[in-house]
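**Q** Have a look at the structure that comes next, please.
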Amino acid sequence: METGSIAAWKVKVGPMPGLERLNLQATGLDDGTQQLPGGGYTTFRTYGGTRAAHLEDHFRRLEESARLLSKPLTVERAPLRAALRQALADYPAPERRVRLLLDLEREPGVLYILIEPLHVPSEAEYARGVKAITRRMHRENPKAKQTAFIETAARVRRELPPGVNEVLMVGEDGRVLEGLSSNFFAVLDGVIWTADEGVLSGITREGVLACIRKAGIPLRMEGIACADLRRAGEAFITSASRAVLPVTEIDGRPVGDGRPGALTLNLLREYRAWVEGELEEI
């Protein structure tokens with residue numbers, strides 16, 4: 001298998017557990033996911049090839065998504081961990097981005113594993129920040145990580161202007177909810193704002209919130225109003241592959257002075273240190 005390719009497996013449980021390799025012709029995890037049955041999913045990255053952070057939270061997310069979609073199911077931890085170890089051993093990449101998909105349509109309860117090489121922002125992007133745009137839209141069932149949203153997000157991404165890293169979804173009340181694949185934070189008058197209702201509670205987000213509270217930074221669990229974005233001094237997005245990524249331009253306007261702020265860069269350092277203390281062998 002070529003290092004840059006996408007690999008997918010169906011997890012076989014029961015008396016003869018193991019993996020069934022699938023022949024997907026996919027350009028990435030999202031493309032591969034759309035070729036599989038619909039359901040709940042979760043995505044994480046590896047560290048050192050065989051470690052991950054808060055894997056149990058990812059398993060619980062699959063179960064929570066199934067419950068919210070009215071198809072409660074239990075994920076068997078030990079067989080899934082064994083399947084993950086086997087899949088990672090068979091996939092030749094230094095670090096991987098891994099997606100677990102829980103089928104809720106064709107064979108409810110069946111799990112799939114998809115893996116691609118991990119791509120993270122460059123150090124230049126962390127140093128200068130990235131661009132984002134806003135768009136009026138929201139998830140229909142925001143607390144459920146549902147594969148149906150992937151197709152919606154893909155359509156929006158195909159229309160992105162060059163150089164834009166993320167689309168920030170704005171609710172009917174005019175407040176920023178989250179990104180298509182990230183959580184959003186803005187700093188206004190020394191207070192960090194981030195939506196709590198109507199958004200997917202990202203696992204990376206929870207780690208960043210822990211770092212914010214530990215640092216004693218004022219925190220408001222509410223999305224910032226779009227009208228206030230031009231007054232924000234800093235902004236950043238969080239996700240498994242991005243960690244804490246500064247946003248320095250939104251809708252063509254600079255955030256603050258157009259450079260990553262000290263608070264954001266300090267949270268990036270604190271989050272990276274936090275992750276190191278949370279890693280476990282898969």
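The values are calculated or read from the model by the stated rules, or taken from the named source; none is laboratory data. Keep in mind the model is a prediction, meaning the values are calculated, not measured. Cβ atoms come from the backbone with ideal geometry, glycine included; neighbour counts cover every protein chain shown. Note: accessible area is taken over every heavy atom of the protein model, side chains too, but ligands, DNA and RNA are not part of it. Shrake-Rupley method; radii C 1.70, N 1.55, O 1.52, S 1.80 Å.
**Q** Straight-line reach from Lys145: which lysines have Cα under 24 Å away, leaving out those fewer than 8 places along the same chain?
**A** Leaving aside lysines fewer than 8 places away in the same chain, those within reach of Lys145 are Lys10, Lys12, Lys71.
**Q** Apply 1/(1 + (r/R0)^6) to the Cβ-Cβ distance of Glu197 and Arg81, taking R0 = 25 Å, and write down the FRET efficiency to the nearest 0.05. Please report the intermediate quantities before stating the final value.
**A** On the way: r = 33 Å, r/R0 = 1.32.
Taking R0 as 25 Å, the efficiency between Glu197 and Arg81 is 0.15.
**Q** Now, a different point. What accessible area per residue comes out for the chain, rounded to a whole number of Å², with a 1.4 Å probe?
**A** Working: 13000 Å² over 282 residues.
Value returned for the chain: 46 Å² of accessible area per residue.
**Q** Now for a different question. How much of the accessible area of the chain, probe 1.4 Å, is carbon plus sulfur, in whole percent?
**A** The nonpolar share, carbon plus sulfur, comes to 49 percent.
**Q** How much length is gained if the chain between Glu20 and Asp173 is pulled fully straight, taking 0.36 nm per residue apart and subtracting their Cα-Cα distance, in nm to one decimal? Could you put the intermediate results ahead of the total?
**A** On the way: separation 153, 0.36 × 153 = 55.08 nm, distance 4.63 nm.
Result for the pair: 50.4 nm of gain on full extension.
**Q** A follow-up question, please. Rg (Å, one decimal) plus Dmax (Å, integer) for the alpha carbons of the chain?
**A** 18.7, 61
**Q** Same structure, new question: Normalised by the residues of segment 99-155, what does the relative contact order come to in percent, with Cα pairs under 8 Å and at least six apart? Write out the running numbers ahead of the final one.
**A** Details: 20 pairs, mean separation 10.4, N = 57.
Reported as a whole number, the value is 18 percent.
**Q** If you build a Gaussian network model of the chain, linking Cα atoms that sit under 10 Å apart, which residue out of Ile217, Ile113, Ile133 swings the most?
**A** Result: Ile217 has the largest fluctuation of those listed.
**Q** While we're on this one: Under the rule of -39500 (n - 2.57) per DSSP H run of 4 or more residues, summed and divided by the residues of the chain, what mean residue ellipticity at 222 nm is obtained, to the nearest 500 deg cm²/dmol?
**A** Values: 7 runs with 79 residues, N = 282.
Taken over the chain, the calculation gives -8500 deg cm²/dmol.
**Q** If you stretched the chain out fully between Tyr47 and Glu159, how much longer would it get, using 0.36 nm times the residue separation minus the C-alpha to C-alpha distance?
**A** Numbers: separation 112, 0.36 × 112 = 40.32 nm, distance 3.24 nm.
So the chain would gain 37.1 nm between Tyr47 and Glu159.
**Q** I've got another one for you. Given the Cα-Cα distance of Ala124 and Ala227 and 0.36 nm per residue of separation, how much length would full extension add, in nm? It would help to have the intermediate numbers written out before the result.
**A** Details: separation 103, 0.36 × 103 = 37.08 nm, distance 2.90 nm.
The span from Ala124 to Ala227 would gain 34.2 nm if fully extended.
**Q** Roughly how large, in nm² to one decimal, is the mean projection of the convex hull of the alpha-carbon atoms in segment 86-202? Before the final figure, lay out the partial values.
**A** On the way: hull surface 40.5 nm².
Seen from a random direction, the Cα hull of segment 86-202 projects 10.1 nm² on average.
**Q** Within a Cβ distance under 13 Å of Ile113, other residues only, what is the Lys/Arg minus Asp/Glu net charge? Spell out each step's value before the answer.
**A** On the way: positive: Lys10, Lys12, Arg21, Arg81, Arg85, Arg96, Arg97, Arg99; negative: Glu20, Asp90, Asp103, Glu116.
Once positives and negatives cancel, what remains is +4.
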